[in-house]
Amino acid sequence: LLWPWLKPSRFDAGRLKAMLRFGLPLAPAAVGVWVMASSDRFVLAALSDRAEVGLYDMAAKLSTVIALGIAAFQHAWTPLAYSILHEKDAERTYAKVFEVYCLVGCAMATAVVLFGPLLFRVMTTEPFYPAVSCLPALVFAQFFAGAHFIAGLSSGIAKRSMPLAWSVGFGAVVNVALNCVLIPFWGRDGAAWATLAAYAATTAFLFAAGRRQHPIPYRWSVLLACLAMSAGLI
């Protein structure tokens, strides 16, 4: 089926150059994504003990409950966002979707945290129950990880991939640095809060960079209100 597209006569050096210019900066960024997702286990093992790693890892796995809904949103939103790019009210739609994501995402995250003790009792055994203390930070880290896809829309519209790469690198540095600072004092809970701070920082960085590429009128008060409501309920 693809053979007609693979003919040498269809090769376009200009298109290849544009694709590589956009895609190559994202290759090393994949390393930064791995650092943000996994380095906390290694630092925790080095500065604490393996029991803490086991408890932390169980909390991290259960926090991905919210990631199921976020992943579905990501796969649906990205193609839709680009398909309406040239419509009259595109920026208004982008801003409204951000507000809905904040409301629904915070509601899901809050529900997972509030039912966390029950979730641990259903899914784990008693030795893992103390790991519930890590759940709030790790669940909201998933929330900010999902928001990163919304934050990257402005740079994607401008066909600039460097802000995406720099944001992941920034988040990786924040993650490792805070893990080294917080784990000696708070163990697995320090690792959880370092992860939350890293994902929040990388998303904030990308939103700030996107304002210079393609401004979108997001209402930050909605995000702050949703986070404050979640914190109050928890």
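The values are calculated or read from the model by the stated rules, or taken from the named source; none is laboratory data. If you're wondering where the values come from, they're calculated on a predicted model, not measured in any experiment. Here the Cβ is made from the backbone with ideal geometry for all residues, glycine too, and neighbour counts use every protein chain on show. Protein only, heavy atoms only, side chains kept; ligands, DNA and RNA dropped before computing areas. Shrake-Rupley method; radii C 1.70, N 1.55, O 1.52, S 1.80 Å.
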message: Just to be sure I understand the filter: pairs with C-beta atoms under 8 Å, separated by 6 or more residues or on different chains, first member in the stretch 169-180 and open to solvent by 50 Å² or more (accessible area, probe 1.4 Å), second member among the aliphatic types (A, V, I, L, M). Which pairs pass?
response: PHE170/ALA201; VAL176/VAL35; VAL176/VAL43; LEU178/ALA194; LEU178/ALA197; LEU178/ALA198; CYS180/VAL43; CYS180/LEU47
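Which of the residues spanning the stretch 205-224 are of a type outside the set (Val, Ile, Thr) and either free of Cβ contacts under 8 Å to residues at least 24 places away in the same chain or not in a helix (DSSP H, G or I) (or both)?
Selection gives ALA208, ARG212, HIS214, PRO215, PRO217, TYR218, ARG219, TRP220, SER221, LEU224.
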field: Breaking point among (1) of a type in the set (S, T, N, Q); (2) under 25 Å from PHE207 (Cβ atoms); (3) at pLDDT 95 or above, for SER155
entry: (3)
message: Can you report the number of residues in the stretch 182-226 which are over 23 Å from ARG92 (Cβ atoms) and touching a Cys at 6+ places or on another chain (Cβ under 8 Å)?
response: 4
query: Which helices (runs of 4 or more DSSP H) sit wholly inside the stretch 4-89 and have at least 1 residues that are among the hydroxyl-bearing types (Ser, Thr, Tyr), at negative phi and open to solvent by less than 80 Å² (accessible area, probe 1.4 Å)?
result: 26-47, 50-63, 65-83
task: Given the conditions (1) modelled with pLDDT under 95; (2) open to solvent by 10 Å² or more (accessible area, probe 1.4 Å); (3) touching a Phe, Trp or Tyr at 6+ places or on another chain (Cβ under 9 Å), report the number of the one that PHE205 does not fulfil.
output: (1)
message: Within the stretch 152-166, does at least one residue satisfy the condition of being assigned to a helix (DSSP H, G or I), open to solvent by less than 30 Å² (accessible area, probe 1.4 Å) and in contact with a Lys or Arg (Cβ under 8 Å, 6 or more places away or on another chain)?
response: yes
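Could you check the stretch 148-163 and list, in sequence order, the residues that are of a type in the set (Gly, Ala, Ser) and over 17 Å from the mean Cα position of the chain (by Cα)? Spell out how you get there, then give the answer.
Within the stretch 148-163, the first condition is being of a type in the set (Gly, Ala, Ser), and the residues that meet it are 151-152, 154-156, 158, 161.
Within the stretch 148-163, ALA158 is the sole residue that qualifies.
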task: Go through (1) open to solvent by less than 40 Å² (accessible area, probe 1.4 Å); (2) closer than 28 Å to SER38 by Cβ and name the single condition PHE115 misses.
output: (1)
